[in-house]
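Written below as structure tokens is the structure these notes are about.
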Amino acid sequence: MKKAIKLAVIYLIILILGTVLGTILYSFYLNLLGFVAGREIIFFKDEELFKSLFYVSFCMLIFILPLVSYYRMRHPGGVLQLIVYIVLCVLTWGLLMPGTIKLRDYCNRKISFNTTTDSLSPHYFRKVDEDVYYFTREFRSNTQGRAAESPAIIIDTSEDGNVEFRSVADYPSLALNRKAEPFREIQLKNIFGEDKNPVPVDFRLLFSMITGAYSGGLTHLLTLFSFVLLLCSVYGITSFFDWRLLNAVILYITTTLIFCLNTLYFMPQFHELKIKIMSNGFFRAFGGIVSEPILFLINCLFALLFISAGIIKFAVRKHARKAR
């Protein structure tokens, strides 16, 4: 009983502290993305905090159950602990996740922010490829409907380069803007390098899938259910091995693979393969019940495997104790 209650308490602690800390850190990240050299730094802007809160809340609600499963790995309980875990799963995906999505949509409708993008500041050298830009004054919009412009000294640093002086418009296609993405300032891009994710997990894509499922009817909800079932079923492998470190490694790898599977499935590279599979009569008929029948079956298959592994391991250990 005590360990079951502790599981619920740890759930609340991780969710609250993780959301608060994550919101602060992610707001710093958004501030860094929009930073321009020479401009005043303003932390904790309303818009950044708003975006950070809902994005981090979404991520925490996805990660919370694997994190709780990791805690259970170190503090195993009995059947009552499993019941509490199931209740937490239902609470997370039946109440907190749809409630967070609805609250975000409501706030988006009711709250408006004055979003402004700072223009690049003058009197700074900015290098992109072989060119160095130096703006001599602030960007100004001389014609309505056109991007703001500023005179710039452009120095070609290649072997046969020259110096050019011309007016430059602050369009998104400008090399300084295009190659600085996702940052506003090319100097930060040069410091932090390319924004490459070594793990093919796109949480914005997952967010789009989950949000669409709650508002897309039963067929989409069934696809989401398969993802949730698979994510919750990692509880079954938390004590599969006698060595806790090995269980922790397996839990981490399994959770990562679950996110990768449910992200890569929606990548355009696999679109043609899905069309070929869906041409099969079984999948075509099953498509009227579930929005993504292939993903649904894969998720359910692995979920059943993890749940069965947990049940078998529990039965084997119980039999071993009786034999003693």
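Just a few scattered comments:
- Index of the failed condition, SER208 passing every other in (1) in a helix (DSSP H, G or I); (2) more than 23 Å from the chain's Cα centre (by Cα): (2)
- The stretch 163-174, residues that are buried (at least 16 other Cβ atoms within 10 Å of the Cβ) and either modelled with pLDDT under 85 or part of a loop (DSSP other than H, G, I, E, B) (or both): ASP170, LEU174
- In the set LEU305, LEU295, only one residue is at pLDDT 85 or above, open to solvent by 80 Å² or more (accessible area, probe 1.4 Å) and either within 29 Å of LEU67 (Cα to Cα) or in contact with a Gly (Cβ under 8 Å, 6 or more places away or on another chain) (or both); that residue is LEU305.
- Identity of the residue in the stretch 216-250, polar (S, T, N, Q) and within 20 Å of the chain's Cα centre (by Cα), that ends up farthest from THR92 (Cα to Cα): THR223
- Count of the stretch 213-252 residues which are surrounded by fewer than 16 Cβ atoms within 10 Å (Cβ to Cβ), assigned to a helix (DSSP H, G or I) and among the small types (Gly, Ala, Ser): 2
- Residues located in the stretch 228-248, provided they are hydrophobic (A, V, I, L, M, F, W, C), in contact with a Ser or Thr (Cβ under 8 Å, 6 or more places away or on another chain) and closer than 20 Å to LEU61 by Cβ: LEU231, VAL234
- Residue within the stretch 146-162 that is part of a strand (DSSP E or B), touching a strand residue (DSSP E or B) at 6+ places or on another chain (Cβ under 8 Å) and of a type in the set (Lys, Arg) present: no
- Selection within the stretch 14-31: residues that are open to solvent by 80 Å² or more (accessible area, probe 1.4 Å) and not aromatic (Phe, Trp, Tyr). The member of this set that is nearest to TYR133 (Cα to Cα) is LEU25.
- Applying the set (1) open to solvent by 50 Å² or more (accessible area, probe 1.4 Å); (2) in a loop (DSSP other than H, G, I, E, B); (3) under 23 Å from GLY34 (Cβ atoms) to LYS127 leaves exactly one unmet item: (2).
- Filter result (β-branched (Val, Ile, Thr) and open to solvent by less than 60 Å² (accessible area, probe 1.4 Å)) within the stretch 41-56: VAL56
- Pairs meeting the criteria (first residue in the stretch 275-301 and within 23 Å of PHE259 (Cβ to Cβ) and among the charged types (D, E, K, R), second residue part of a helix (DSSP H, G or I) and open to solvent by less than 60 Å² (accessible area, probe 1.4 Å), beta carbons under 7 Å, at least 6 apart or on different chains) are GLU292/THR223.
- Complete set of residues in the stretch 1-34 that are over 25 Å from LEU49 (Cα atoms) and without any contact (Cβ under 8 Å) to a residue 40 or more places away in the chain: LYS2, VAL9
- Extreme residue, nearest to LEU218 (Cα to Cα), among residues of the stretch 268-286 that are surrounded by 14 or more Cβ atoms within 10 Å (Cβ to Cβ) and of a type in the set (Phe, Trp, Tyr): PHE286
- The condition of being open to solvent by 30 Å² or more (accessible area, probe 1.4 Å), on the phi > 0 side of the Ramachandran plot and over 16 Å from the mean Cα position of the chain (by Cα) holds for only one of GLY38, GLY34, that being GLY38.
- SER150 meets each of the listed conditions (1) in contact (Cβ under 8 Å) with a residue 60 or more places away in the chain; (2) open to solvent by less than 30 Å² (accessible area, probe 1.4 Å); (3) not hydrophobic (A, V, I, L, M, F, W, C) apart from (1).
The values are calculated or read from the model by the stated rules, or taken from the named source; none is laboratory data. All figures in this text were calculated on a predicted structure; none of them were measured in a lab. Note: ideal-geometry Cβ built from the backbone for every residue, glycine included; neighbour counts use all protein chains shown. Side chains included, ligands, DNA and RNA excluded: accessible areas come from the protein's heavy atoms. Shrake-Rupley method; radii C 1.70, N 1.55, O 1.52, S 1.80 Å.
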